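**Student:** There's a structure below that I have some questions on.
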Amino acid sequence: MTDLETAILERLKTVIDPETNIDVVRMRLVENLWVDALGKVRYTFRPSSFVCPIAVMLAINIKKAVAEVPGVKSQEIAIEGYLMAEDLEKLINEEN
């Protein structure tokens, strides 16, 4: 694991699911973290349920947290296991 990957995971531990009071790393809501040498980050966000009512809020908070890590230049986020995955993925990635 690179220093940037470690820093991203540490920052993600500050993103708390308000329904469980557990961070998104411990809940395993972020998977497949990949970082290249230029600071491009890819990962998968898997909401806690297929109809998670706070999926959009969590996705935005995760994206903001990753963006705050020094060295992150861009993000590509895949959404899986969610009813509106395609729509949320388009929404969350449109600012990249």
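**Student:** So is residue 58 in contact (Cβ under 8 Å) with a residue 40 or more places away in the chain and out of contact with any helix residue (DSSP H, G or I) (no Cβ under 7 Å at 6 or more places or on another chain) or not?
**Tutor:** So residue 58 fits the description; yes.
**Student:** Further question on the same structure: Quick test for you: out of 56, 25, 66, 41, pick the one residue that is surrounded by 12 or more Cβ atoms within 10 Å (Cβ to Cβ), under 12 Å from the mean Cα position of the chain (by Cα) and part of a strand (DSSP E or B).
**Tutor:** 41
**Student:** Is it the case that residue 61 is polar (S, T, N, Q) and part of a helix (DSSP H, G or I)?
**Tutor:** yes
**Student:** From 31, 10, grab the single residue that is assigned to a strand (DSSP E or B) and acidic (Asp, Glu).
**Tutor:** Details: 10 fails: assigned to a strand (DSSP E or B).
When all the criteria are applied, what remains is 31.
Taken together, the values in this text are just the output of simple stated rules run on the coordinates, not laboratory data. Just so it is clear, the model here is predicted, and its values are computed rather than measured. Positions of Cβ are backbone-derived with ideal geometry, glycine not excepted, and every protein chain shown enters the neighbour counts.
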